[in-house]
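Take a look at the structure below.
The values are calculated or read from the model by the stated rules, or taken from the named source; none is laboratory data. None of these values were measured; they are calculated from a predicted model. Reconstructed Cβ throughout: ideal geometry from the backbone, glycine too, with neighbour counts over all protein chains shown.
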Amino acid sequence: MTRIKVQALCKEYGTTRAVDRLTFAVEPGRVTGFLGPNGAGKSTTLRILLGLDRPTSGTATIGGRRYAELTDPLRAVGALLDAQAAHGSRTARAHLLALAVSNRIPARRVEEVLAEAGLTEVAGRRVKTFSLGMRQRLGIAAALLGDPAVVILDEPSNGLDPEGIIWIRELMRGLARQGRTVLVSSHLMNETASFADHLVVLGRGRLLADTPMRDFIDSRIQPRVRLRTTEGRRLRELLLGEGFEPVQREGGLWTVEGARLDTIGPLAARAGIPILELATEEGTLEQAYLDLTAGETQYASASVPASATQEI
């Protein structure tokens with residue numbers, strides 16, 4: 001079993017508790033988005049999970065073992081935390097070869113991951129000549145080098161162009177379909193919504209949510225139906241009678257909070273009310289995330305109004 005398990009994890013720096021009794025699991029076969037404001041404890045948790053820091057108390061294990069106990073860690077866990085970590089004077093190929101030799105990984109894997117990351121043509125260039133996006137691709141190639149069952153990525157789309165963002169999105173989905181455990185930390189809500197199946201959300205070091213993404217959105221943001229008709233009065237009476245509170249807009253447009261298409265459409269049809277437009281307005285991950293973390297943000301801009309979560 002390659003699940004990630006964090007149990008009662010605490011990390012203190014002096015009088016500051018960066019991670020506060022944190023418990024969650026990351027299961028194989030799906031992409032788990034790891035979200036939270038700056039200072040929420042995400043990076044600290046990942047560092048402890050990868051053996052780069054020690055917890056004050058609690059545990060963080062991969063397949064039931066601490067990272068330090070893994071015999072060939074790169075073959076079990078692939079991770080990208082810092083795209084700047086590669087030595088700038090090495091070529092991309094030399095960087096990956098050094099990792100392969102030190103982890104008993106066949107040299108042929110170097111060429112395979114270079115091709116997968118789109119770096120074959122620049123493999124002989126020194127890393128210090130790479131753009132941020134190219135360094136990011138190299139970091140992802142390094143994470144894939146050992147063909148690991150667990151992949152942990154921190155802001156994987158950082159610096160990537162649109163083609164690169166599509167590539168990393170499909171890569172993560174593909175890894176999950178293969179049954180691997182994929183944990184992805186990101187601040188980009190719209191991008192996370194495009195690939196994540198499950199969410200773990202932190203705030204001030206504590207767990208705020210551990211739930212499927214669609215359930216997370218629906219639990220915080222009500223769906224809304226938008227429709228247009230030439231018989232607004234009849235529509236209003238019908239919906240009021242069904243317990244809804246329709247709101248009239250300009251040009252015969254109405255919005256109905258908490259309603260869904262498969263409810264409103266049949267109601268109007270049975271009443272013989274002509275519908276010129278009918279569409280749903282589902283809540284977004286960004287709306288739900290901001291609603292949840294509004295009181296958990298340590299570093300918030302004074303110019304952002306408190307009502308922003310209602311308006312986005």
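Some values worked out for this structure:
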quantity	calculated
Some residue of region 131-140 being hydroxyl-bearing (Ser, Thr, Tyr), part of a helix (DSSP H, G or I) and more than 23 Å from the chain's Cα centre (by Cα)	no
One residue from Arg75, Arg54, Arg104 being at pLDDT 95 or above, in the same structural domain as Phe130 (by TED's automatic domain parsing) and charged (D, E, K, R)	Arg54
Hits in region 139-179 (condition: in contact (Cβ under 8 Å) with a residue 12 or more places away in the chain, surrounded by fewer than 17 Cβ atoms within 10 Å (Cβ to Cβ) and acidic (Asp, Glu))	Asp147, Asp161
Scan of region 6-19 for residues that are part of a strand (DSSP E or B) and surrounded by fewer than 18 Cβ atoms within 10 Å (Cβ to Cβ), ordered by number	Gln7, Ala8, Cys10, Glu12, Tyr13, Thr16, Arg17
Matching residues in region 55-74 - criterion: being of a type outside the set (Gly, Ala, Ser), in contact (Cβ under 8 Å) with a residue 24 or more places away in the chain and surrounded by fewer than 17 Cβ atoms within 10 Å (Cβ to Cβ)	Thr56, Thr59, Thr61, Asp72
Residues satisfying the stated conditions in region 152-195, i.e. hydroxyl-bearing (Ser, Thr, Tyr) and touching a helix residue (DSSP H, G or I) at 6+ places or on another chain (Cβ under 7 Å)	Ser157, Ser185, Ser186, Thr192, Ser194
Helices (runs of 4 or more DSSP H) completely within region 179-286 that count 1 or more residues being of a type in the set (Ser, Thr, Tyr) and at negative phi	189-195, 213-220, 261-271
Filtered residue count, region 145-170, keeping only those that are more than 17 Å from Ala193 (Cβ to Cβ) and part of a helix (DSSP H, G or I)	3
Index of the failed condition, Gly41 passing every other in (1) buried (at least 21 other Cβ atoms within 10 Å of the Cβ); (2) within 25 Å of Leu171 (Cα to Cα); (3) out of contact with any helix residue (DSSP H, G or I) (no Cβ under 9 Å at 6 or more places or on another chain); (4) of a type in the set (Gly, Ala, Ser)	(2)
Output for region 206-252, where each listed residue is β-branched (Val, Ile, Thr) and in contact (Cβ under 8 Å) with a residue 40 or more places away in the chain	Ile217, Ile221, Val225, Thr229, Thr230
Selection from region 120-138 of residues that are surrounded by fewer than 21 Cβ atoms within 10 Å (Cβ to Cβ) and polar (S, T, N, Q)	Thr120, Thr129, Ser131
Single match in Ile62, Ile48 (criterion: more than 16 Å from Ser185 (Cα to Cα), at pLDDT 95 or above and in the same structural domain as Ser131 (by TED's automatic domain parsing))	Ile62
Residue among Thr120, Thr91, Thr129 that is more than 24 Å from Leu52 (Cβ to Cβ), assigned by TED's automatic domain parsing to the domain that holds Val31 and in contact with a Lys or Arg (Cβ under 7 Å, 6 or more places away or on another chain)	Thr91
Region 253-275, residues that are among the small types (Gly, Ala, Ser) and touching a residue at least 24 places away in the same chain (Cβ under 8 Å)	Gly258, Ala259, Ala268, Ala271
Set Ala196, Ala209: member being of a type outside the set (D, E, K, R) and either closer than 17 Å to Ala79 by Cβ or crowded, with 23+ Cβ neighbours inside 10 Å (or both)	Ala196
Single match in Asp82, Asp72 (criterion: acidic (Asp, Glu) and out of contact with any helix residue (DSSP H, G or I) (no Cβ under 9 Å at 6 or more places or on another chain))	Asp72
Criterion violated by Arg66 - all others in (1) under 26 Å from Ala25 (Cβ atoms); (2) among the charged types (D, E, K, R); (3) touching a helix residue (DSSP H, G or I) at 6+ places or on another chain (Cβ under 7 Å) satisfied	(3)
